[in-house]
Amino acid sequence: MSRLTDYLLVISFDCLSSLDFPIIERLPNFKKLLERASYCRNVETIYPSVTYPCHATIVTGRYPKNHGIVNNTLLQPGRLSPDWYWQRRHVKGTTLYDEAKKAGMKTAALLWPVTAKSTIDYNMPEIFANRSWQNQILVSLLNGSPLYQLDMNRKFGHLRNGLNQPELDDFVLASTVETIKTRKPNLMLVHFVDLDSQRHYHGFSSDEAMAALRRHDERLGKIINALKESGIYDNTTIIALGDHSALDESKAVKLNVLLKKLGFITVNHDGKIIDWKAYCKSCDGSAYIYMKDPNDTESQQQIEALLEELVKNEENGVERFLTSSEAREKGADDKATFMIEAKLGYYFKEHFDGEYIDEIQIEDVREKRYTFASHGYSPEKENYTTVFIASGKGIRPNIEIPSMHLVDEGPTFASLLGLDLGKTDGRAIEELLDLGVSS
Ligand SMILES: [Zn+2]
């Protein structure tokens with residue numbers, strides 16, 4: 001395969017929605033990018049539409065069931081802060097960055113999910129210290145490229161304020177600009193979380209979310225300037241994309257409260273889970289129900305009867321439930337016995353104490369117990385698509401792709417770099433590629 005570009009820069013603006021398109025096309029740097037870009041305003045995301053599965057899909061072109069990243073966090077019943085799918089080893093099969101590296105290209109990634117302990121040349125992985133004895137900087141260093149991260153932390157660490165936004169994205173931006181100028185990677189993956197974070201804590205259309213869009217526009221401008229100053233702008237393909245949208249919520253549904261009442265979850269006198277037969281694992285807007293023993297048909301039938309009752313009344317917050325084969329058809333984890341979808345305005349939490357449904361109060365959100373907006377919903381929900389913008393080397397200008405799917409992005413990137421991702425669930429969007437065929 002021939003290569004269409006020398007440098008591919010993929011910028012993921014987490015939670016960038018189709019509904020944001022009319023806003024960003026008026027912001028100066030997005031506007032400039034769009035002048036010679038091709039794009040799709042309506043990209044269908046995957047199920048469950050949470051960040052880690054989405055980002056694994058973007059670099060593999062496969063559905064969660066096929067790349068193995070079926071949720072943000074691992075199934076660890078009762079753990080208040082479960083581990084995330086941080087490490088590359090969780091991804092089944094090859095990835096865009098592995099193929100780029102094999103082809104001798106220089107690779108870099110900044111806070112790109114599920115890349116910890118990968119072979120990316122310059123890697124600052126997204127990983128949180130979630131044990132009380134862990135130190136954030138040390139955890140990051142050991143899971144990515146130590147010398148590179150030490151260099152970035154020494155130069156820009158003062159911009160950070162823990163994991164808080166917008167400071168974290170400003171640190172990522174400064175590191176991105178520096179990496180472009182000093183390392184010139186052929187493939188660079190950058191993940192910004194400011195918008196997603198503001199939407200979670202302030203709501204989809206909040207002033208805070210709109211301010212994040214404006215900050216993202218400035219970040220885009222600074223990255224483009226860095227490419228120009230480095231003399232590689234004309235040889236670079238710039239991609240700006242989102243992974244999913246978000247929907248506002250006012251109620252939290254805690255199915256494990258019912259599972260505990262019905263004896264499927266056993267707790268000790270300290271309220272800690274000591275055993276479970278069935279457990280509801282949240283993906284925010286949707287959730288999996290796992291059975292410890294998948295052959296426990298008696299429990300399975302009881303839970304199915306419970307779900308049938310719940311979906312009858314809208315106020316229970318469960319819009320519908322899927323069997324494991326139906327979940328598989330949608331690309332989700334078929335190891336779950338059931339998958340449930342939240343009704344608009346609701347989302348799922350794993351708590352097993354208190355009431356089945358909690359009304360979300362502002363104090364809950366301030367103290368980060370609950371959020372005002374979430375991802376994770378079914379791609380079939382209305383107004384829930386994301387965007388894909390491609391511009392520069394290897395891209396034909398001004399083509400609007402009416403619709404595409406998140407699984408098409410990986411194969412499109414592979415075509416740009418002349419790489420092969422093997423068997424994917426998507427296709428390269430050749431309509432927007434400048435294949436150099438002269439007429
Ligand atoms: Zn996300």
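The values are calculated or read from the model by the stated rules, or taken from the named source; none is laboratory data. Being a predicted model, the structure only gives us computed values, none of them experimental. Neighbour counts run over all protein chains shown; Cβ positions are idealised from the backbone, glycine included.
Tell me, which strands (runs of 3 or more DSSP E) lie completely within the stretch 339-439 with 2 or more residues that are aromatic (Phe, Trp, Tyr) and more than 16 Å from the ligand (Cβ to nearest atom)? Reasoning before the result, please.
Numbers: elements: 345-348, 357-359, 386-392.
The strands (runs of 3 or more DSSP E) meeting that bar are 345-348.
Scanning the stretch 22-40 for residues that are within 15 Å of LYS281 (Cα to Cα) and surrounded by 23 or more Cβ atoms within 10 Å (Cβ to Cβ) turns up nothing.
May I ask you to verify whether GLU208 is free of Cβ contacts under 8 Å to residues at least 12 places away in the same chain and under 26 Å from THR386 (Cα atoms)? Considered against the rule, which asks whether it is free of Cβ contacts under 8 Å to residues at least 12 places away in the same chain and under 26 Å from THR386 (Cα atoms), GLU208 comes out as yes.
Within the stretch 189-207, is even one residue among the hydroxyl-bearing types (Ser, Thr, Tyr), over 30 Å from GLY61 (Cβ atoms), at pLDDT 95 or above and within 16 Å of the ligand (Cβ to nearest atom)? Before the answer, list the steps.
Narrowing the stretch 189-207 to residues among the hydroxyl-bearing types (Ser, Thr, Tyr): 197, 201, 205-206.
Cutting the leftovers down to over 30 Å from GLY61 (Cβ atoms) gives us 201, 205-206.
Checking which are at pLDDT 95 or above leaves us with 201, 205-206.
With within 16 Å of the ligand (Cβ to nearest atom) added as a condition, the list becomes 201.
Yes, there is a match, as at least one residue in the stretch 189-207 is among the hydroxyl-bearing types (Ser, Thr, Tyr), over 30 Å from GLY61 (Cβ atoms), at pLDDT 95 or above and within 16 Å of the ligand (Cβ to nearest atom).
Scanning the stretch 228-259 for residues that are part of a helix (DSSP H, G or I), in contact (Cβ under 8 Å) with a residue 24 or more places away in the chain and not polar (S, T, N, Q) yields GLU229, TYR233, ASP234, LEU255, VAL257, LEU258, LEU259. Residues that are surrounded by 18 or more Cβ atoms within 10 Å (Cβ to Cβ), of a type in the set (A, V, I, L, M) and more than 24 Å from GLU178 (Cβ to Cβ) within the stretch 196-212 comprise just one, ALA209. Residues in the stretch 3-41 that are acidic (Asp, Glu), within 19 Å of PRO402 (Cα to Cα) and within 16 Å of the ligand (Cβ to nearest atom): 1 in all.
On the basis of being touching a Leu at 6+ places or on another chain (Cβ under 8 Å) and among the charged types (D, E, K, R), does ASP6 make the cut? Show your work before the answer.
Working: touching a Leu at 6+ places or on another chain (Cβ under 8 Å): no; among the charged types (D, E, K, R): yes.
So ASP6 does not fit the description; no.
Of the helices (runs of 4 or more DSSP H) entirely within the stretch 32-143, those holding at least 1 residues that are hydrophobic (A, V, I, L, M, F, W, C) and within 30 Å of PHE352 (Cα to Cα) occupy 51-60.
Going by what's in this entry, would ASN225 be described as farther than 30 Å from PHE372 by Cβ, modelled with pLDDT of 95 or more and either within 16 Å of the ligand (Cβ to nearest atom) or in contact with an Asp or Glu (Cβ under 7 Å, 6 or more places away or on another chain) (or both)? Answer is no for this residue. Of all residues in the stretch 211-227, those that are under 13 Å from SER175 (Cα atoms) and touching a strand residue (DSSP E or B) at 6+ places or on another chain (Cβ under 8 Å) total 2.
If I ask for residues that are small (Gly, Ala, Ser) and either away from the ligand (no atom under 11 Å from the Cβ) or at pLDDT below 95 (or both), which ones from the stretch 42-73 would you list?
Going residue by residue through the stretch 42-73, those that are small (Gly, Ala, Ser) are 49, 56, 61, 68.
Answer for the stretch 42-73, where residues must be small (Gly, Ala, Ser) and either away from the ligand (no atom under 11 Å from the Cβ) or at pLDDT below 95 (or both): ALA56, GLY61, GLY68.
A residue that is free of Cβ contacts under 8 Å to residues at least 40 places away in the same chain, small (Gly, Ala, Ser) and either within 16 Å of the ligand (Cβ to nearest atom) or over 30 Å from ASN186 (Cα atoms) (or both) can be found somewhere in the stretch 283-300. Regarding the stretch 126-133, can at least one residue be identified that is surrounded by 20 or more Cβ atoms within 10 Å (Cβ to Cβ) and not basic (Lys, Arg)? Yes; the residues of the stretch 126-133 include at least one that is surrounded by 20 or more Cβ atoms within 10 Å (Cβ to Cβ) and not basic (Lys, Arg).
Considering each residue of the stretch 157-173, count those that are surrounded by fewer than 19 Cβ atoms within 10 Å (Cβ to Cβ) and either in a helix (DSSP H, G or I) or in contact with a Ser or Thr (Cβ under 7 Å, 6 or more places away or on another chain) (or both), and give that number. Qualifying residue count for the region: 4.
Got a number for residues in the stretch 32-86 being of a type in the set (Lys, Arg) and over 22 Å from VAL387 (Cα atoms)?
Here is the first cut: in the stretch 32-86, the residues of a type in the set (Lys, Arg) are 32, 36, 41, 62, 65, 79.
The next check asks that each one be over 22 Å from VAL387 (Cα atoms); those that pass are 65, 79.
Within the stretch 32-86, residues that are of a type in the set (Lys, Arg) and over 22 Å from VAL387 (Cα atoms) number 2.
Confirm whether PHE413 is touching a helix residue (DSSP H, G or I) at 6+ places or on another chain (Cβ under 6 Å) and surrounded by 21 or more Cβ atoms within 10 Å (Cβ to Cβ). Considered against the rule, which asks whether it is touching a helix residue (DSSP H, G or I) at 6+ places or on another chain (Cβ under 6 Å) and surrounded by 21 or more Cβ atoms within 10 Å (Cβ to Cβ), PHE413 comes out as yes.
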